[in-house]
Amino acid sequence: EAGVAQSPRYKIIEKRQSVAFWCNPISGHATLYWYQQILGQGPKLLIQFQNNGVVDDSQLPKDRFSAERLKGVDSTLKIQPAKLEDSAVYLCASSLDSGLLNTGELFFGEGSRLTVL
Amino acid sequence: EDQVTQSPEALRLQEGESSSLNCSYTVSGLRGLFWYRQDPGKGPEFLFTLYSAGEEKEKERLKATLTKKESFLHITAPKPEDSATYLCAVQAAQGGSEKLVFGKGTKLTVNP
């Protein structure tokens, strides 16, 4: 079974530039998550999708971050304009279950490492 | 606000030297506590879910336990391949969000 695919693996940009990350979840997984992991920290949820709809985006800095999930499958996360503090690994995850059935078993991709200079 | 604190931040063991990692949490109603393993340059990999105090789960050399305030990940006779960062996360039962709140992790190094 193919895992969660993410690209690009690495990206270096100047501050105030824009960047986009792409994620393809495991086939059949309805729920998709984007997490931000700053060096030395645990992952922090940015946004959760259930199919096409947003379940939780309370920690997404909406003035610069946006995310969409077209047709309930692939997702893109965009940052515009980027700040120095956005340097982090952006992890995409998917899960089979959601809501009351959520077992907490998330399948993570390898992440996209962003460096903002 | 839901909080997760893991200790120690880093732990070095000799192969075969058993030990425990701690995860203390503050949450408004616990739906579940989760342990993940993260290797360098990789995403976290799911290990266990614990739902209620007194529950235990085992997988190979790992055993996770849960009380009302903390969880322990016991590592028995570790091997070098157990070296990784171990992350603990909680999910609150109240409110509409299902998000997992992660701790900073414990970096485990097992020397041969």
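Read the figures in this text as sums done on the coordinates, not as results from a lab. This structure is a prediction, so every number in the text was calculated from the model and none was measured. Note that each Cβ is placed from the backbone with ideal geometry, even for glycine, and that neighbours are counted across all protein chains shown.
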Q.
Given a Förster distance of 30 Å, report the FRET efficiency between B:ALA10 and A:LYS83 from their Cβ-Cβ distance, rounded to the nearest 0.05.
A. 0.55
Q) Dipole magnitude of region A:1-95 about its Cα centre, charges +1 at Lys/Arg Cβ and -1 at Asp/Glu Cβ only, in debye to the nearest 20? A) 260
Q. Across 10 Å bins from 0, what is the distribution of all Cα-Cα pair distances for the protein assembly as shown, in whole percents?
A. 8, 33, 35, 20, 4, 0
Q: Return the lysines within reach of B:LYS68: Cα separation strictly under 27 angstrom, same-chain partners fewer than 8 residues apart disregarded; answer none if there are no such residues.
A: A:LYS44, B:LYS57, B:LYS59, B:LYS99, B:LYS104, B:LYS107
Q. Excluding the sites themselves, what is the longest stretch of chain A that contains no GluC sites (Glu not before Pro) in a DSSP loop with at most 14 other C-beta atoms within 10 Å?
A. A:15-117
Q: Determine Rg/Rh for region B:14-78; Rg is computed over alpha-carbon atoms and Rh is the Kirkwood hydrodynamic estimate from the same atoms.
A: 0.99
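Over chain A, what relative contact order in percent results from Cα pairs under 8 Å that are six or more residues apart?
Relative contact order here is 37 percent.
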Q. Kirkwood hydrodynamic radius for region A:14-56: how many Å is it when counted over pairs of different Cα atoms?
A. 12.4
Q) Considering the dipole of region A:37-84 built from charges on the beta carbon (Lys and Arg +1, Asp and Glu -1) around the Cα centre, which of A:LEU84, A:GLY40, A:ASN52 is farthest to its positive end? A) A:LEU84
**Q.** Along chain A, longest interval not containing exposed trypsin sites (Lys or Arg not before Pro), exposed being DSSP loop plus at most 13 other Cβ atoms within 10 Å
**A.** A:17-61
Q | Sequence-distant aspartates and glutamates (8 or more away, or on other chains) whose Cα lies within less than 19 Å of A:LYS78 | A | A:GLU14, A:ASP56, A:ASP57, A:ASP63, A:GLU68, A:ASP86, A:GLU110
Q) If you take the C-alpha gyration tensor of region B:60-112, multiply each eigenvalue by 5 and take the square root, what semi-axes do you get, largest first, in whole Å? A) 27, 13, 8
**Q.** Using a Förster distance of 22 Å, the FRET efficiency for B:SER28-A:VAL54 (Cβ separation, nearest 0.05)
**A.** 0.45
(Q) With every atom except the alpha carbons ignored, what do you get for Rg and Dmax of chain B, in angstroms? (A) 13.7, 46
Q. Between A:ALA2 and B:LYS57, what is the FRET efficiency for a Förster distance of 25 Å, r being their Cβ-Cβ separation, to the nearest 0.05?
A. 0.40
